[in-house]
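The values are calculated or read from the model by the stated rules, or taken from the named source; none is laboratory data. Keep in mind the model is a prediction, meaning the values are calculated, not measured. Note that each Cβ is placed from the backbone with ideal geometry, even for glycine, and that neighbours are counted across all protein chains shown.
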Amino acid sequence: MQNLSTFKLIERISTLIRAEERKKHATLGLQPIHIQVLDYLNDYNSYSNTAVGLTEYFGLTKGTVSQTLQVLERKGYIEKQLDEEDARVTHLLLSKNGELLLKNANNDDVFNQAQQAVLSKQYATLDDALRMTLFTLQKSCDIKSFGSCDDSCVHFNVEENHYTCRKTRLPVWQIETHKICREHRLPA
Ligand code: SF4
């Protein structure tokens, strides 16, 4: 994995988190953007908790933000409140159900495990810490590691500068040893 840049590691962690969120909230008829919007509304102040603020922050169209808010309002996760000074402004607030949903989403065991694993050790570089976060999340979520041969794959074999894959029992070209493989497997 040492060939992945810091931003690629962040992107992979983000992709994994979104995929897990998608699975988890699908049963409630929600998509990751719905949880992200609730998170935003929980954290941002009264100048920002508006449809315009969401449009600017997420870079979405007004139509997409409007549809997202309709779903959240219909399901009872947000409430609208007119601004006391300016009736043209509508603030978006979390309802009790919205707060509860967000609390449960943020208390997820998988992410807590990853956090504990990262906080319990010291890392020489940011990439090392991110790599550990990614591995821990992959293990906790029981999903494939998608690493490269030279990134601790148990199937990788080096003999006198020749590379082979024990899984496929075929040679691996050097240029391929840095590329990401769906058959990659981390040591136990
Ligand atoms: S399984 Fe994939 S990553 Fe692992 S050694 Fe074989 S080709 Fe490389």
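Which residue pairs have Cβ atoms under 9 Å apart, sit 6 or more places apart or on different chains, and have a first residue in segment 159-187 that is in contact (Cβ under 8 Å) with a residue 60 or more places away in the chain and a second that is acidic (Asp, Glu) and assigned to a loop (DSSP other than H, G, I, E, B)?
Hits for this filter: His178/Asp150; His178/Asp151.
State the number of residues belonging to segment 30-66 that are of a type in the set (Gly, Ala, Ser) and touching a residue at least 24 places away in the same chain (Cβ under 8 Å).
Total satisfying the criteria: 2.
Please enumerate the residues belonging to segment 66-79 that are of a type outside the set (Gly, Ala, Ser) and assigned to a helix (DSSP H, G or I).
Answer for segment 66-79, where residues must be of a type outside the set (Gly, Ala, Ser) and assigned to a helix (DSSP H, G or I): Gln67, Thr68, Leu69, Gln70, Val71, Leu72, Glu73, Arg74.
Quick one: which helices (runs of 4 or more DSSP H) sit completely within segment 80-183 and have at least 3 residues that are at pLDDT 85 or above and either away from the ligand (no atom under 16 Å from the Cβ) or closer than 27 Å to Gln31 by Cβ (or both)?
In segment 80-183, 96-106, 126-140 are the helices (runs of 4 or more DSSP H) which contain 3 or more residues that are at pLDDT 85 or above and either away from the ligand (no atom under 16 Å from the Cβ) or closer than 27 Å to Gln31 by Cβ (or both).
Mind checking which pairs have a first residue in segment 7-29 that is among the basic types (Lys, Arg) and a second that is assigned to a helix (DSSP H, G or I), Cβ under 6 Å, 6 or more apart or different chains?
Listed pairs, sorted by first residue: Arg12/Leu134; Arg18/Pro32; Arg22/Pro32.
Say we look at segment 33-53 and pick out the residues that are of a type in the set (A, V, I, L, M, F, W, C) and under 14 Å from Leu94 (Cα atoms); which of these is surrounded by the most Cβ atoms within 10 Å (Cβ to Cβ)?
Val37
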